[in-house]
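**Student:** I'd like to ask some things about the structure below.
The values are calculated or read from the model by the stated rules, or taken from the named source; none is laboratory data. Being a predicted model, the structure only gives us computed values, none of them experimental. No Cβ is skipped: glycine too gets one built from the backbone with ideal geometry, and neighbour counts run over all protein chains shown.
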Amino acid sequence: MIGLIDPLRPEVKEAVDKCKGAGVDVVMITGDHPATALAISRELGIAKEWEDVATGMQLSEIGPPESKEFVKKIANTHVFARVTPMQKLEIVDALLKNGHFVAVTGDGVNDAPAMRKANVGVAMGSGTDVAKDTASIIVTDDNFASLVAGIEEGRYAYDNIRKVIYLLVSAGAASILLFVLALFTGLPIPLLAVQLLWLNLVTNGIQDVALAFEGGEPGAMKRPPRRPNEGVFDPQMIRQTLVSSVAIGIISFGAWFWLLEGGWPEAEARNMLFLLVVLFGNFHTLNCRSEYISVFKIPFSRNKVLMIGILVALSIHVAAMHIPIMQRVLRVAPISAESWVYLLLTASSILVIMELYKFIIRKKEGLA
């Protein structure tokens, strides 16, 4: 007697467990014998008993694919054996009707219809040309674990997009609020046009780009997947943008009001406010490294580019305050050491405010 086995790769079991933690359901669809499918699925932790396996013949006996019974059966089953190419397509269609975002992997011609129907078709590198032409993605190493790594990297990339948008929008909204408050109270405009351009292109511009290099957060694969129709500006994004922009805008306006009421010449007061806004951007960039985790718990080594970017952005502005030609262009000048201390303390208040906000959100959502 001779026994043959096509064993699982060692990393696949861990990859399936990672999928479960990330809210990704793994479904096996195969033309193999049900006993083979059950043995493999048990090893993977996808199924346990015979009741967890549905065969192509059983699916045919349920009724048409459009029936509620068929859709319900598909929703409650994670292993399908002895299925035809048409039944693979019907299974994918039923999963889509259940509201799932479906990715189908395959390597043969018989997998092409299901891969075409799915939201994402994934072909194996060793598969047929038909499968590769049909698929949206080709996994060159034929490894399921590579798909999971792709999901993880995708979440990291999406998180970083959110962080950059959060920084840009909150900084812009804070500037708008500062100007609106100044206009309504009859004060001079807080910043000149060239100073706003400097903020957007030089100081904040460097930090925006550097923030995109932020490393992945440890809990990214512990969160459920977002809905496909969910926009970037979800309730969390709106709340944190409002809190940070209102805080920066009001504090900046308070400083502008206090400087002018304290008898400071307009040019000197604007110079102080300009530097304060730059420092606000430096500190707030640290807030944007995570929407939930405290900035004091994120190691600087996770994004050395950002740390260098913040120092470079601040250094360029300080240099501009001491270079004659830049002094004339930006209407800036050096300030005293005592003023530096006051401005640093004032700007760092955004860290305190957003740390309190994150603490409240973690408590509310049970993440603390």
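**Student:** Go through region 109-199 and tell me which helices (runs of 4 or more DSSP H), entirely inside it, have 2 or more residues that are closer than 30 Å to Asn271 by Cβ. Steps first, please.
**Tutor:** Values: elements: 112-117, 129-134, 144-184, 193-198.
By residue number, 144-184, 193-198.
**Student:** Separate question: How do the pairs read when you match residues in region 106-123 that are in the same structural domain as Asp141 (by TED's automatic domain parsing) with residues anywhere that are crowded, with 24+ Cβ neighbours inside 10 Å and charged (D, E, K, R), using Cβ under 6 Å and keeping only pairs 6 or more apart or on different chains?
**Tutor:** These pairs meet every condition: Ala114/Lys88.
**Student:** Something else: Working only within region 13-51, note down all residues that are of a type in the set (Asp, Glu) and under 21 Å from Ala103 (Cβ atoms). So that I can check it myself, show each step before the final result.
**Tutor:** Of region 13-51, the ones of a type in the set (Asp, Glu) are 14, 17, 25, 32, 43, 49, 51.
Matches in region 13-51: Glu14, Asp17, Asp25, Asp32.
**Student:** Inside region 20-43, can you point out the residues that are in contact with a helix residue (DSSP H, G or I) (Cβ under 6 Å, 6 or more places away or on another chain) and within 16 Å of Thr105 (Cα to Cα)?
**Tutor:** Taking region 20-43 as the starting set, the residues that turn out to be in contact with a helix residue (DSSP H, G or I) (Cβ under 6 Å, 6 or more places away or on another chain) are 21-22, 26, 28-30.
Those that are in contact with a helix residue (DSSP H, G or I) (Cβ under 6 Å, 6 or more places away or on another chain) and within 16 Å of Thr105 (Cα to Cα): Val26, Met28, Ile29, Thr30.
**Student:** Got a number for residues in region 314-358 being of a type in the set (Phe, Trp, Tyr) and in contact (Cβ under 8 Å) with a residue 40 or more places away in the chain? Explain how you work it out, then say what you get.
**Tutor:** Applying the first criterion (of a type in the set (Phe, Trp, Tyr)) to region 314-358 yields 340, 342, 357.
With the extra rule that they be in contact (Cβ under 8 Å) with a residue 40 or more places away in the chain, the set shrinks to 357.
The number of residues fulfilling the criteria is 1.
**Student:** Residues in region 206-233 that are surrounded by fewer than 17 Cβ atoms within 10 Å (Cβ to Cβ) and part of a helix (DSSP H, G or I): how many?
**Tutor:** 5
**Student:** Over 28 Å from Leu197 (Cα atoms), in a loop (DSSP other than H, G, I, E, B) and of a type in the set (Gly, Ala, Ser) - does that describe any residue in region 294-315?
**Tutor:** There is at least one residue in region 294-315 that is over 28 Å from Leu197 (Cα atoms), in a loop (DSSP other than H, G, I, E, B) and of a type in the set (Gly, Ala, Ser).
**Student:** So which of Leu343, Leu286, Leu273, Leu330 is closer than 18 Å to Ser170 by Cα, of a type outside the set (Lys, Arg) and over 31 Å from the mean Cα position of the chain (by Cα)? Write out each step before concluding.
**Tutor:** Working: Leu343 fails: closer than 18 Å to Ser170 by Cα; Leu286 fails: over 31 Å from the mean Cα position of the chain (by Cα); Leu330 fails: closer than 18 Å to Ser170 by Cα.
After ruling out the rest, the residue left standing is Leu273.
**Student:** In contact with a Phe, Trp or Tyr (Cβ under 6 Å, 6 or more places away or on another chain) and under 30 Å from Ile248 (Cα atoms): which single residue out of Leu187, Leu178 fits that description?
**Tutor:** Details: Leu187 fails: in contact with a Phe, Trp or Tyr (Cβ under 6 Å, 6 or more places away or on another chain).
Result of the check over Leu187, Leu178: Leu178.
**Student:** Return the residue satisfying two criteria in turn: it lies in region 340-362 and is within 19 Å of Ile238 (Cβ to Cβ) and among the charged types (D, E, K, R), and of such residues it is surrounded by the most Cβ atoms within 10 Å (Cβ to Cβ).
**Tutor:** Lys358
**Student:** Among (1) within 30 Å of Lys20 (Cα to Cα); (2) buried (at least 17 other Cβ atoms within 10 Å of the Cβ), which single condition is Ser175 missing?
**Tutor:** So the condition that Ser175 fails would be (1).
**Student:** Restricting to region 1-54, name every residue that is among the small types (Gly, Ala, Ser), assigned by TED's automatic domain parsing to the domain that holds Val104 and assigned to a loop (DSSP other than H, G, I, E, B).
**Tutor:** Ala22, Gly23, Gly31, Gly45, Ala47
**Student:** Take the residues in region 101-135 that are surrounded by 14 or more Cβ atoms within 10 Å (Cβ to Cβ) and among the hydroxyl-bearing types (Ser, Thr, Tyr); name whichever of them is farthest from Ile91 (Cα to Cα). Explain how you work it out, then say what you get.
**Tutor:** Residues of region 101-135 surrounded by 14 or more Cβ atoms within 10 Å (Cβ to Cβ): 101-124, 127-128, 130-132, 134-135.
With the extra rule that they be among the hydroxyl-bearing types (Ser, Thr, Tyr), the set shrinks to 105, 128, 134.
Details: Thr105: 13, Thr128: 22, Thr134: 18 Å.
It comes out as Thr128.
**Student:** Out of curiosity, is Ile206 in contact with a strand residue (DSSP E or B) (Cβ under 8 Å, 6 or more places away or on another chain) and either in the same structural domain as Asn271 (by TED's automatic domain parsing) or among the hydrophobic types (A, V, I, L, M, F, W, C) (or both)? Can you show your working first?
**Tutor:** Working: in contact with a strand residue (DSSP E or B) (Cβ under 8 Å, 6 or more places away or on another chain): no; either in the same structural domain as Asn271 (by TED's automatic domain parsing) or among the hydrophobic types (A, V, I, L, M, F, W, C) (or both): yes.
No: the conditions fail for Ile206.
**Student:** Looking for whichever is touching a Pro at 6+ places or on another chain (Cβ under 9 Å) and closer than 23 Å to Val164 by Cα here; the options are Ile293, Ile316, Ile298, Ile308. Which one fits?
**Tutor:** Ile293
**Student:** Then there's this: Of all residues being touching a residue at least 60 places away in the same chain (Cβ under 8 Å) and outside any helix (DSSP H, G or I) in region 259-293, which is farthest from Val246 (Cα to Cα)? Just the residue, please. So that I can check it myself, show each step before the final result.
**Tutor:** Within region 259-293, the first condition is being touching a residue at least 60 places away in the same chain (Cβ under 8 Å), and the residues that meet it are 260, 266-268, 270-293.
Then keep just the ones that are outside any helix (DSSP H, G or I); that gives 288-293.
Details: Cys288: 15, Arg289: 19, Ser290: 19, Glu291: 17, Tyr292: 19, Ile293: 21 Å.
The qualifying residue farthest from Val246 (Cα to Cα) is Ile293.
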